[in-house]
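Bear in mind these aren't lab numbers, they're just calculated from the coordinates by the rules spelled out. Please read all numbers here as calculations on a predicted model, not as lab measurements. Please note: Cβ atoms are built from the backbone with ideal geometry, for glycine as well, and neighbour counts cover all protein chains shown.
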Amino acid sequence: MTEARAVARYVPMSARKVRQVIDLIRGERVNEALAILKFTTKAGRLPVEKVVQSALANAGRDSKVNVDRLYVAEAYVDAGPPLKRFMPRAMGRATSILKRSSHITVVLKEEEPK
């Protein structure tokens, strides 16, 4: 069984937002997953769509792979390192702000012929 993998690291979006989109496409065929992503209004749609298309391009490099039989076998999001920033507040104080990032991984596999 052949597989294709794509990883996007340090995406400037919280892992929670991206997981909502990843859960929609896990286990779907690639064409259906891209259609779902095209009509999803969630914020994490664009980086996930880029990763799926990258994995599809990686799979297309192998001449033995039938692109029409690919499906999203694994898709997961890990939290990346946060950027630490400060916002000024009243009376000379400051509040910390965490600008979160995430790492997105998508693995495509080919379905076995019946």
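Some values worked out for this structure:
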quantity	calculated
Nearest 10 degrees, 0 to 90: helix 15-25 Cα axis against the chain principal axis	20 degrees
Share of pairwise Cα separations in segment 1-90, more than 18 Å, in percent	47 percent
Helical contribution to [θ] at 222 nm, DSSP H n ≥ 4, -39,500 (n - 2.57), averaged over the chain, rounded to 500	-10000 deg cm²/dmol
Efficiency of FRET from Cβ geometry, Arg5 and Arg100, R₀ 22 Å, rounded to 0.05	0.40
Relative contact order computed over the chain (Cα-Cα under 8 Å; 6+ residues apart), in percent	42 percent
Computed Rg/Rh of segment 37-79, alpha carbon atoms with Kirkwood Rh	1.02
Two-site label geometry, Met87 and Asn66: point separation in nm, points 7 Å out along Cα→Cβ	5.4 nm
Of Val21, Val67, Val30, the one that fluctuates the most in a GNM where the chain has Cα springs shorter than 10 Å	Val67
Sorted by Cβ neighbour density within 10 Å, fewest at the top, the residues Ile25, Ile97, Ile104	Ile97, Ile25, Ile104
